[in-house]
1. So, in segment 106-145, how many residues would count as being of a type in the set (A, V, I, L, M, F, W, C) and out of contact with any Lys or Arg (no Cβ under 6 Å at 6 or more places or on another chain)?
2. Residue by residue through segment 270-281, note down the ones that are near the ligand (Cβ under 9 Å from one of its atoms), touching a residue at least 12 places away in the same chain (Cβ under 8 Å) and more than 16 Å from Gly521 (Cα to Cα).
3. How many residues are part of a loop (DSSP other than H, G, I, E, B) and under 23 Å from Glu325 (Cα atoms) when one looks only at segment 201-226?
4. Taking only pairs six or more apart or across chains, which ones have beta-carbon atoms under 6 Å, a first residue in segment 3-31 that is free of Cβ contacts under 8 Å to residues at least 24 places away in the same chain, and a second residue that is of a type in the set (A, V, I, L, M)?
5. What is the one condition in (1) closer than 30 Å to Ile413 by Cα; (2) crowded, with 17+ Cβ neighbours inside 10 Å that Thr470 does not satisfy?
6. Given the options Leu112, Leu162, name the one that is touching a helix residue (DSSP H, G or I) at 6+ places or on another chain (Cβ under 9 Å) and surrounded by fewer than 18 Cβ atoms within 10 Å (Cβ to Cβ).
7. Of (1) open to solvent by less than 60 Å² (accessible area, probe 1.4 Å); (2) over 14 Å from Ala532 (Cα atoms); (3) in contact with a helix residue (DSSP H, G or I) (Cβ under 6 Å, 6 or more places away or on another chain); (4) within 12 Å of the ligand (Cβ to nearest atom), Thr286 satisfies all except one. Which?
8. One residue is enough: does segment 296-312 have a residue meeting the conditions among the aromatic types (Phe, Trp, Tyr), within 13 Å of the ligand (Cβ to nearest atom) and open to solvent by 40 Å² or more (accessible area, probe 1.4 Å)?
Amino acid sequence: MGHPAILTVDDDASVSRAIARDLRRRYGEAYRIIRAASAAEALEALKELKLRGGRVAVILADYRMPQMNGIEFLEQAMDLFPHARRALLTAYADTDAAIQAINVVDVDHYLLKPWDPPEEKLYPVIDALLDAWQATGDREVTDIRVVGHRWSEPSYQIRDFLARNLVPYKWLAADDPEGRRLLEAAGVGPESIPLVVTADGRAMAQPTPSEVAEAAGLSTAPERDFYDLIIVGGGPAGLGAAVYGASEGLKTLLVERQAVGGQAGQSSRIENYLGFPDGISGAQLTDRARRQAGKFSAEVLNTREVVGLRADGSARTLRFADGGEISAHSIVLATGVAYRPLAAAGVAELTGSGVYYGSAATEGPSCAGSDVYIIGGANSAGQAALFFARYARSVTLLVRGDSLEASMSYYLIQQLNKIDNVHVRTRCEVVGAQGNGHLQAITICDSKNNTVTSVECGYLFVFIGAEPRTDWLGGAVARDEKGFVYTGPDLLTNGTRPAGWDRDRDPFYLECSVPGIFAAGDVRANSVKRVASAVGEGAMAVTLVHRYLEAQ
Ligand SMILES: Cc1cc2nc3c(=O)[nH]c(=O)nc-3n(C[C@H](O)[C@H](O)[C@H](O)COP(=O)(O)OP(=O)(O)OC[C@H]3O[C@@H](n4cnc5c(N)ncnc54)[C@H](O)[C@@H]3O)c2cc1C
């Protein structure tokens, strides 16, 4: 981003030019000198700078300007850049203006025009203003900024989207002074949150994930209309297939509807993945895998949901939610699973405002000092408990079963037992959630003690099993009664191949009921629900794609 700015505004063109010339001569190398011919023009320039994350060190304003005088202008300029040092310029000693300037806008200096020679009369004043600004001034902002409300579901969605896609951003509450300044600079009110301001100063009120993805430099449109291999889903299985496919020379496209990394991307620490003896966070693993796929020139499409699949002769065609289509010689379905919704009164309304599915790592720091509840007894819930225990006053795991032992790995149970602020309640279910605008309490049914109680609760994280959500496949490929996709040997009934199968071979191990369409990872019927197996199946699917293509 550039140098900090010194802005001068004077309606007399010749004076304005002279000031800018003198300033440029001395400060032009380290500062950007901006000249405006009216208060309105200067305010526009300041708003643009604010949106671009720029910094303003000094503002010099002429006192006598039509429409808006220098003091009125500085008052508005301060709303945008409160740390900029301020000086008022007048043509003659005007005591009233000086007193008003000091009282209203706490002006730092009062400069008399003309100031020849500037070395004596102008530069010492500006030097002092710059010294003062450097001690307290704004820092440069180069990240995307999001202005929103802590309990607003759309604001949460944008933060979660950016965090899960590993895009650095700065979060500002709409009632925080800097948040207010950005809303003002964008010309919108708090009702327009979330406001996303890009590094180059573009302001977007209530943007769609796709707009945010584009602004963050994440690709949303395919470069070709036909590929060797398209992978649907960017979790470990999809990323594994993308790395192997692209590295072996296949023109490979990976399509992801939400955030690359999938479920694994949400894990705070994966401790059982081969090669990482100290564990690795889902975000780190995702970042590495994404870079690796990019290194081999796999294309990644973000925020694009696939809603249809059909075989067109030898081509396999996918339809996007927005109506577009894309085709390839072969497809790998790696759409994993998604959390099952918690069916308890009040939960749907408070989702995103205190109730979250998955670990919502963005909420970690906000949980400081709160009592956090986590529903679930599997490893994912255990990892979340370890993560939130670092921030929260207490973390309570609510488990439906009799004990954790049946559902959670031994190493996690051992770790949880050692943490004082983690509690486990078995045979408990959440039957209601209450709150005005955000979660404030939950109702717990405890079947061990036969009680139904309401407890204060600001954060509830839900990890209650998952479902494949493959309805969009319809009858395109064979699935089991829960929606998991059948592959390979599972498709053979007493040695008979699936209906419509037109090859004189059995389906390959990860191949679906239609040749050239494969499934890998959690979405596959009877798969092992683990990161390592998903990555392995992604890699293996590519080998089978090669075999399929060779026989075409
Ligand atoms: C919090 C948590 C912690 C875990 N910890 C561990 C652990 O420590 N060790 C371990 O081995 N396993 C762990 N697991 C399990 C592991 O993460 C999963 O088994 C693994 O992620 C499965 O990978 P996948 O690629 O098959 O599916 P997923 O990870 O579910 O990825 C599927 C992807 O497909 C996308 N998608 C779905 N439908 C569409 C569509 N129609 N169009 C476009 N994209 C779509 C989804 O948005 C998602 O990104 C954990 C899971 C969770 C939730």
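1. 10
2. Scanning segment 270-281 gives Ile270, Glu271, Asn272.
3. So the count comes out to 10.
4. That search, which allows pairs on different chains as well, returns Ala20/Ile33; Arg24/Ile33.
5. Unmet for Thr470, out of (1) closer than 30 Å to Ile413 by Cα; (2) crowded, with 17+ Cβ neighbours inside 10 Å: (1).
6. Answer to the check: Leu112.
7. Failing condition for Thr286: (2).
8. no
The values are calculated or read from the model by the stated rules, or taken from the named source; none is laboratory data. Since we're looking at a predicted model, the values are computed, not measured. Cβ: placed from backbone, ideal geometry, glycine included. Neighbour counts: every protein chain shown. Ligands, DNA and RNA are stripped out before the accessible areas are found, and what is left, the full protein with its side chains, is counted by its heavy atoms. Shrake-Rupley method; radii C 1.70, N 1.55, O 1.52, S 1.80 Å.
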